[in-house]
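Student: Structure provided below as C-alpha cells; questions to follow.
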Amino acid sequence: MVVTPQSSMDDWKPSPLIKPFGARKKRSWYLTWKYKLTNQRALRRFCQELIVERTKEIKASNGRPQELWTGAVLFLLVTVIVNIKLILDTRRAISEASEDPEPEQDYDEALGRLEPPRRRGSGPRRVLDVEVYSSRSKVYVAVDGTTVLEDEAREQGRGIHVIVLNQATGHVMAKRVFDTYSPHEDEAMVLFLNMVAPGRVLICTVKDEGSFHLKDTAKALLRSLGSQAGPVLGWRDTWAFVGRKGGPVLGEKHSKSPALSSWGDPVLLKTDVPLSSAEEAECHWADTELNRRRRRFCSKVEGYGSVCSCKDPTPIEFSPDPLPDNKVLNVPVAVIAGNRPNYLYRMLRSLLSAQGVSPQMITVFIDGYYEEPMDVVALFGLRGIQHTPISIKNARVSQHYKASLTATFNLFPEAKFAVVLEEDLDIAVDFFSFLSQSIHLLEEDDSLYCISAWNDQGYEHTAEDPALLYRVETMPGLGWVLRKSLYKEELEPKWPTPEKLWDWDMWMRMPEQRRGRECIIPDVSRSYHFGIVGLNMNGYFHEAYFKKHKFNTVPGVQFRNVDSLKKDAYEVEVHRLLSEAEVLDHSKNPCEDSFLPDTEGHTYVAFIRMEKDDDFTTWTQLAKCLHIWDLDVRGNHRGLWRLFRKKNHFLVVGVPASPYSVKKPPSITPIFLEPPPKEEGAPGAAEQT
Amino acid sequence: MSRINKNVILALLTLTSSAFLLFQLYYYKHYLSAKNGAGLSKSKGSQIGFDSIQWRAVKKFIMLTSSQNVPVFLIDPLILELINKNFEQVKNTSHGSASECKFLCVPRDFTAFALQYHLWKNEEGWFRIAENMGFQCLKIESKDPRLDGIDSLSGTEIPLHYICKLAAHAIHLVVFHERSGNYLWHGHLRLKGHIDRKFVPFRKLQFGRYPGAFDRPELQQVTVDGLVLLIPKDPVHFLEEVPHSRFIECRYKEARAFFQQYLDDNTVEAVAFRKSAKELLQLAARTLKKLGVRFWLSSGTCLGWYRQCNIIPYSKDVDLGIFIQDYKSDIISAFHDAGLPLKHKFGKVEDSLELSFQGKDDVKLDIFFFYEENDHMWNGGTQAKTGKKFKYLFPKFTLCWTEFVDMKLHVPCETIEYIEANYGKTWKIPVKTWDWKRSPPNVQPNGIWPVSEWDEVIQLY
C-alpha cells in the first residue's frame, strides 16, 4: 500500500465539509466541529478560508462611507483574531484530548466517510463478442478477439472446458477442464459450477469426448443453466455453450457424432455477451480492511464458493485460540505450492484455523509466476513469494524446495527450525500444539532427523491413539519440522543440482543424508493429504493410499510421556511394551481379521521373518494384506513396526534382523509370507508430492 | 453593481460575521467549561516549551504507535546525543514531572525512530490510522534483499521507510529487518518517480542515504520531556555505529551470471573446503570482535565475495586486512587461545607486518596489516627464503558492511578499485595459478630485510 502524498490528500479530503463559502461557512464550521477537528490540515485550510473571506469582504467594501468602513474593518479584524485564537486553542485542546481512546472512534468515522475504490464501467463498449470452438482435437475461446483458451495438444485436455467471465469486465475469472470421459470428474464439475456466483458468464466447450462419465446430476445442472444440448450430450459430440449463471443462454451449438467411431463436426459459436454494470457484479460488503481483500479477490477469480457470497460470506480471518506456552510461535512456516490455487485455499484455511498459528510467520512459496495462487495468498493477507521455474518435473520441485527453505531461513535468520508444509494438506487443529509439545526433542536429541505430522501407516483401521508418538527410521514429510543446522550445514551445501532430476524427499531419505537419524511422528496424523492432482498422484493412487488416512480432529490433545521419545528412553519404552505384549497365535493367517482377538486396549506382538536389515519381503506382503503403505518400507524402528488393529496395539518384529528378536519365545516360528510371482509393478510412483 | 447593493452586502456580511462570532464565543466558553482546563498544559502554567511542533509531532506519534502496538524506538542521533549527555537527569525524571522541554523541542526537521519489522504484528491498517490522526505519510518499499541471493525468487515488497509529516515536522520511521549474521539492516531511501520530492527536505534525513547495518540493540525505557520512549540501552555504541553503518549488498545477479559461465564447483572437496573456510572465518571474526579490532575481507576472500558471493573453493586460505593503527599486541595470543596457532609472522609493526595462523583442515588464515600514506594504502609481503620485501599498493578506501557466509563483515566500500588494484581488470576470469610475488598488478619490490633482522621479521612455526 504505497500512498503518495497526492493520493493521501484525495483520500483524506472531507470535501463536502470544507468547500462551501460565504453563508454556508457556519455550517461548515459546525460540522467540522462535530467531527472533533481531528485533522489539523482541515483546520489550517479552514482558517485560511476565513481569512480569504474577510479580505474579500474588505475589498468589496472599498470606497464606502468612512465610519461604516472603519467600523466594519475593525469588527472583522476582531472576528479574525478571535477565530485564530479559538482555532489555536482548540487545536491544542484536541491534541491533549486525543490521549483518550478517541482516535479509534475517529478512525471508524473516517472509514465510514471514505469511498470504497470502485471501478468505473469500462467506457462506451458494453458488449463482448465471444467465439467458442469445439472439435475433436482442438478447442478455443476468444473474447473480443483475444484468445483466452486454446488447446490443441494431443492426448491432453479431453473433456469439458469451462471458462467463467466477469459479467462487468469480461475478465477471465476461472478456467477449468473436467475430463468427463473419466469417472468422478463430472462431480468435480458440478461442485465447481455450483460455486460460481450468479450472474457470471459461463462458457463450455468439449474437446474429444465429454459424455462418457457425464452422469445425471451433472446433466440436470446443465439443464438448469438453460442448456439444450448439454443434458443430451452424447458420445463424441461437439458442443459449445455461452450463458449467464442463473440467467439467459446467450448461445449454444451442438453437433452429434454420426457413429461410434467418429466425432461430431467441429462447431464454432459466435455470440454477443452484453456486459452489466460494475455495481451489479459486486457485493456490498461492509467496508473493512478484510472486505477490501475479499473484494479484490472476488472480482478477479471464481470457484471459491462462499468466500465470495454476497449475503453471508465465509470469514477469511480466523482467530483460533492461542496456545498457552506456545514453543513454536516464532518458528517460520513455509508452505510449498504450485499452481493448484483451490488446494492452496483449502490448505491455508485449515492452517489459519489451527490453534497457535501466527500468520506473520507464514510464507507461501509458489513455484512459477502464477497469479491465482498469489491472489489466494493475498486474500488471507499472507506473504507470498514466486519462484521462476528453472528445471523440469521432479528436479523442478526439488529446486523449488531448496529455494524455499533457503529463503525461509534468510527471512527468519533467528529461527532454529522451520515448519514445511505443502499446498495439498489439511492441517489438524492441534498441529501447532503437537509441535509445541515435541519440538524440544529436536533440540535435545541429535539422533533425530525431523518431526513429522504424518504417520505413513496411520490409516483409519491402523491408528487409534491421538496422544501417542513413535520414532521411525523413515522420513514421512507431509507437514514436518526441519532443523536449521541440519539444513544449513548438511543438506543445503549438497542439495541435488537441477540436472540430477531427483526427488527431494527421496534424496532426503537416502542413508547418506539421513545417517541413521530418526523422525518423531504421531500415531494419529496431524495432517491430511487431500491432493488428487499432482506430479506423482492420480485418483486411483490417492484412493488406495491416502483417502482412508486417519486425521486428528480433537483439539488440545496432551501427548503422553514425550520425553520417552528420546533415543535411550525409547529403547526402554519399547522393551517394556514387548515384555507386556501378548504373543499372537502364529499358526493363524496374519492377513485374517481373526489373527487378533476381539479385545480392546491389549498389546500384541507378532514375529515375522526378516533375514537382514534390508529384508522386507514378509513385511511388504503383510502391509499389502493389511491395506497400509506397501510401496516401500515406512514406519519401522530397528525392525519393529507399531500400529493398531481392532483397538489393540499391534507390534511386528522382524526376526532375526531386529535387536528386539530376543523377545521372541523360542517356540515361535516367525511368519513368512511369499511374495506373489512377479507381474507388472504397482501403479504410480511410490512417493508423495 | 450599485453602491446600495454593496452596502447591503457589507451590512449582511457584518451581521453574519457578528452572529458567527457570538456563536463561536458561546461554543468556546462552553468548550472551556466542559474541559475545565484539565487537559490544557497551559493552564498549569509551569511547563515551558511544550507547544513546539517537534514535541507535538513526537507525542502524537508515540500515542499512535503505542495504541497500535508498533514497537518503535528512538534512533535520532541529535536527540540520543542530548539524552546521553544528560543521562543522569533523564534517569531521575519520572513520567510527567518534566518542567521544561529540553530534548524533543530542539529545532530540527525530522525525528528518527526505528522499528524491528519482525516484531510488528499488525502492519495492515496502521497507515490509515496515522493519516486519520493528521499525519501525512509516505511509505518507501522495495524488494527484499534477503531473497536476492536465491535463484529467481520474487516476493512481496517490504517496507523500508515511513515518513510521517505533521505540520512542519516529520517523523522518519526506519524499518529494520533481521538478516543472517545477527544484525539489523535498513534499506536505501530511494525516491521513485511518483514521489513528491518536496514532501520533506529529504536531503536532511539522517538515515537512508545508503542501506545500513547495525548490531541488534538492546532497548531501555526512558521518560524524556514527559514522554515515555524506548532508546538503545547503549546509546554511545549506537551513535558510534551510525556514521559507519553503510552497507553494501553482494552482487548476487553478477554472481549468478559468473556461475552460469564458469559453473560452480560442487565436488566433495570444494564443499568441505568452503565449510572449513567458513568456520575459520567465523572463528576469526569472533576473536577479532572480542578484541575490538576492525578488519575486512581482503585478497582472495574479498574477490570471492565480490565476484561470486561465496568462498573461492580453490583459494586454500582466508585473507583479512587490518589497519596497522588497529593492531593490538594480544592478537596472536587471542588467536592461539581460539585454537589457531601462529604459523608465521613476517615484518614488524613499523613495517610490512603480516600474520598467518593455522586453521583446521589445512586452511590458513592470513592477516595483512595496511599502512596509510598520503595518497594510498599498502601492505607488505616477505619472501621467507630470500628476505625480499614486496609492497602491494591500493587506492585509499573506507569500510562498509556486507553480509558474507551468514556474517556481517567489513569490505572496502570502494570494492572495485580495491579488487582491480589487486587483480587487474581481468578479475572476472578465474585464475587457478597465482604467484603472490609476480601476479598482482599492484606489487612492487620493496628492497630486502637486513639479515640482522631476519630473526625478528621472518618467523616460521
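The values are calculated or read from the model by the stated rules, or taken from the named source; none is laboratory data. All values reported here derive from a predicted model rather than from experimental measurement. So basically every Cβ, Gly included, is an ideal-geometry build from the backbone, and we count neighbours across all protein chains shown. Only protein heavy atoms, including side chains, enter the accessible area calculation; ligands, DNA and RNA are left aside. Shrake-Rupley method; radii C 1.70, N 1.55, O 1.52, S 1.80 Å.
Student: From largest accessible area down, sort A:Arg200, A:Arg346, A:Arg158; use a 1.4 Å probe on the protein chains. Provide the component values of the computation, followed by the final result.
Tutor: On the way: A:Arg200 15, A:Arg346 105, A:Arg158 80 Å².
Correct descending sequence by accessible area is A:Arg346, A:Arg158, A:Arg200.
Student: Bin all alpha-carbon pair distances of segment B:182-302 at 5 Å intervals from 0 and give each bin's fraction as a whole percent.
Tutor: Result returned by the calculation: 2, 7, 10, 14, 16, 15, 13, 9, 7, 5, 2, 1, 0.
Student: Rounding to the nearest 10 and keeping the result within 0 to 90°, find how far the Cα-based axis of helix B:299-308 lies from the longest principal axis of chain B.
Tutor: 60 degrees
Student: Given H placed on each backbone N at 1.01 Å, which residues far from A:Phe650 in sequence or on other chains put an amide H within less than 5 Å of it?
Tutor: A:Tyr604, A:Leu643, A:Phe644, A:Arg645
Student: Can I ask one more? Could you order A:Thr288, B:Thr111 so the one with the most accessible surface comes first? Probe is 1.4 Å. The partial results should precede the final answer.
Tutor: Details: A:Thr288 60, B:Thr111 0 Å².
My answer, sorted largest first, is A:Thr288, B:Thr111.
Student: Mind jotting down the distance between the C-alpha centroids of segment A:222-270 and segment B:373-447, whole Å?
Tutor: Value for the Cα centre distance between the two parts: 76 Å.
Student: Rounding to the nearest 20 debye, state how big the charge dipole of segment A:271-340 is about its Cα centre with +1 on each Lys and Arg Cβ and -1 on each Asp and Glu Cβ. Write down the numbers at each step before the final one.
Tutor: Details: 9 positive and 11 negative charges, 66 e Å.
Around 320 debye, computed over segment A:271-340.
Student: Within segment B:299-395, list the GluC sites (Glu not before Pro) lying in a DSSP loop whose Cβ has at most 10 other Cβ atoms in a 10 Å radius.
Tutor: Values: sites: B:Glu350, B:Glu354, B:Glu372, B:Glu373; in loops: B:Glu350, B:Glu373.
Qualifying residues, ordered by number: B:Glu350, B:Glu373.
Student: What area, in nm² and to one decimal, does the C-alpha convex hull of segment A:475-578 cast on average over all directions? Please report the intermediate quantities before stating the final value.
Tutor: Working: hull surface 38.0 nm².
Computing the convex hull of the Cα atoms and averaging its projections yields 9.5 nm².
Student: Something else now. Averaged over peptide B:137-146, how many Cβ atoms belonging to another chain are found within 10 Å of each residue's Cβ?
Tutor: Working: counts 3, 5, 5, 1, 2, 0, 0, 5, 1, 7.
Per residue, the number of nearby Cβ atoms from other chains is 3 on average.
Student: What Kirkwood hydrodynamic radius do you get for segment A:235-344 when you take the inverse of the mean 1/r over all pairs of distinct Cα atoms, in Å?
Tutor: Working: mean 1/r = 0.0522 Å⁻¹.
One over the average 1/r among Cα pairs gives 19.2 Å for segment A:235-344.
Student: Go through segment A:342-451 and name the chymotrypsin sites (Phe, Trp or Tyr not before Pro) that are in a DSSP coil and have 14 or fewer other Cβ atoms within 10 Å of their Cβ. Don't skip to the end; give the middle numbers.
Tutor: Details: sites: A:Tyr343, A:Tyr345, A:Phe365, A:Tyr369, A:Tyr370, A:Phe380, A:Tyr401, A:Phe409, A:Phe417, A:Phe431, A:Phe432, A:Phe434, A:Tyr449; in loops: A:Tyr369, A:Tyr370, A:Phe380.
Sparse-neighbourhood loop chymotrypsin sites (Phe, Trp or Tyr not before Pro): A:Tyr369.
Student: Which trypsin sites (Lys or Arg not before Pro) from segment B:384-461 combine a DSSP loop assignment with at most 14 other Cβ atoms within 10 Å? If you can, show how the numbers build up before the last one.
Tutor: Details: sites: B:Lys385, B:Lys388, B:Lys389, B:Lys391, B:Lys396, B:Lys408, B:Lys425, B:Lys428, B:Lys432, B:Lys437, B:Arg438; in loops: B:Lys385, B:Lys396, B:Lys425, B:Lys428, B:Lys432, B:Lys437, B:Arg438.
Within segment B:384-461, the qualifying trypsin sites (Lys or Arg not before Pro) (loop, at most 14 other Cβ atoms within 10 Å) are B:Lys385, B:Lys396, B:Lys425, B:Lys432, B:Lys437, B:Arg438.
Student: On to the next question. If you take the square roots of the eigenvalues of the alpha-carbon gyration tensor of segment A:304-418 and sort them as a ≥ b ≥ c, do you get rounded (a/c under 1.5), prolate (a/b over b/c) or oblate?
Tutor: Values: a/c = 2.58, a/b = 1.14, b/c = 2.27.
Taking the square roots of the gyration eigenvalues as a ≥ b ≥ c, segment A:304-418 is oblate.
Student: Using only the alpha-carbon atoms of segment A:276-320, report the extent along each of the three principal axes, biggest first, to the nearest angstrom.
Tutor: Per principal axis, max minus min of the Cα coordinates gives 40, 23, 17 Å.
Student: Follow-up. Assign one of three labels to segment A:131-244, namely rounded, prolate or oblate, based on the Cα gyration tensor with a ≥ b ≥ c the square roots of its eigenvalues; rounded applies when a/c is under 1.5, prolate when it is not and a/b is larger than b/c, and oblate otherwise.
Tutor: Details: a/c = 1.69, a/b = 1.13, b/c = 1.50.
Since a/c reaches 1.5 but b/c is at least a/b, the shape of segment A:131-244 is classed as oblate.
Student: Kindly identify segment B:363-403 as rounded, prolate or oblate by the Cα gyration tensor criterion: order the square roots of the eigenvalues as a ≥ b ≥ c, call it rounded if a/c is under 1.5, otherwise compare a/b with b/c, prolate if a/b is larger, else oblate.
Tutor: Values: a/c = 4.02, a/b = 1.35, b/c = 2.99.
Verdict is oblate for segment B:363-403.
Student: Quick one: accessible surface of A:Ser319, probe radius 1.4 Å, all protein chains present, in square angstrom to the nearest 10.
Tutor: Its accessible surface works out to 100 Å², give or take rounding.
Student: Mind listing the phi-derived Karplus ³J(HN,Hα) values for segment A:561-571, rounded to whole Hz, using 6.51, -1.76 and 1.60 with θ = phi - 60°, and x for any glycine or proline?
Tutor: With coefficients 6.51, -1.76 and 1.60, one gets 6, 4, 5, 6, 8, 5, 2, 6, 4, 5, 5 Hz.
Student: For segment A:351-419 and segment B:209-223, what is the separation of their C-alpha centers, rounded to whole Å?
Tutor: 29 Å
Student: May I pose another question? So what J values fall out for segment A:280-292 if you push phi through Karplus, 6.51 cos²θ - 1.76 cosθ + 1.60 with θ = phi - 60°, rounded to Hz, Gly and Pro as x?
Tutor: Once rounded to whole Hz, the list reads 5, 7, 10, 8, 10, 7, 4, 7, 10, 4, 5, 6, 5.
Student: I'd like the Karplus ³J(HN,Hα) series for segment B:180-195: coefficients 6.51, -1.76, 1.60, θ = phi - 60°, whole numbers in Hz, and an x wherever there's a Gly or Pro.
Tutor: For segment B:180-195, the Karplus-derived couplings read 5, x, 6, 9, 10, 10, 10, x, 7, 8, 9, 8, 7, x, 7, 7 Hz, x marking Gly and Pro.
Student: Between B:Met377 and residues 5 or more places away or on another chain, which pairs have amide H atoms under 5 Å apart, with H built 1.01 Å from N, and which residues are they?
Tutor: Residues meeting the amide H criterion: B:Phe394, B:Lys396.
Student: Same structure again: Note down the accessible area of B:Thr398, probe 1.4 Å, to the nearest 10 Å².
Tutor: 80 Å²
Student: Tell me the angle of helix B:252-262 to the major Cα principal axis of chain B, expressed in degrees between 0 and 90 and rounded to the nearest ten.
Tutor: With rounding to tens, the tilt is 30 degrees.
Student: Tilt of helix B:53-67 relative to the longest C-alpha principal axis of chain B, in degrees (0 to 90, nearest 10)?
Tutor: The angle comes out near 80 degrees.
Student: Between segment B:109-160 and segment A:537-592, how many Å separate their Cα centres?
Tutor: 48 Å
Student: With N set to the number of residues, divide the alpha-carbon radius of gyration of chain B by 2.2 N^0.38 Å and report two decimals. Each step should come with its number before you reach the end.
Tutor: Numbers: Rg = 30.2 Å, N = 461, 2.2 N^0.38 = 22.6 Å.
Scaled against compact globular proteins, the figure is 1.33.
Student: 5 Å is the cut-off here: which amide hydrogens, built 1.01 Å from N in the peptide plane, fall below it relative to B:Phe113, excluding neighbours closer than 5 in sequence?
Tutor: Residues meeting the criterion, in which the H sits 1.01 Å from N, are B:Ile75, B:His172, B:Leu173, B:Val174.
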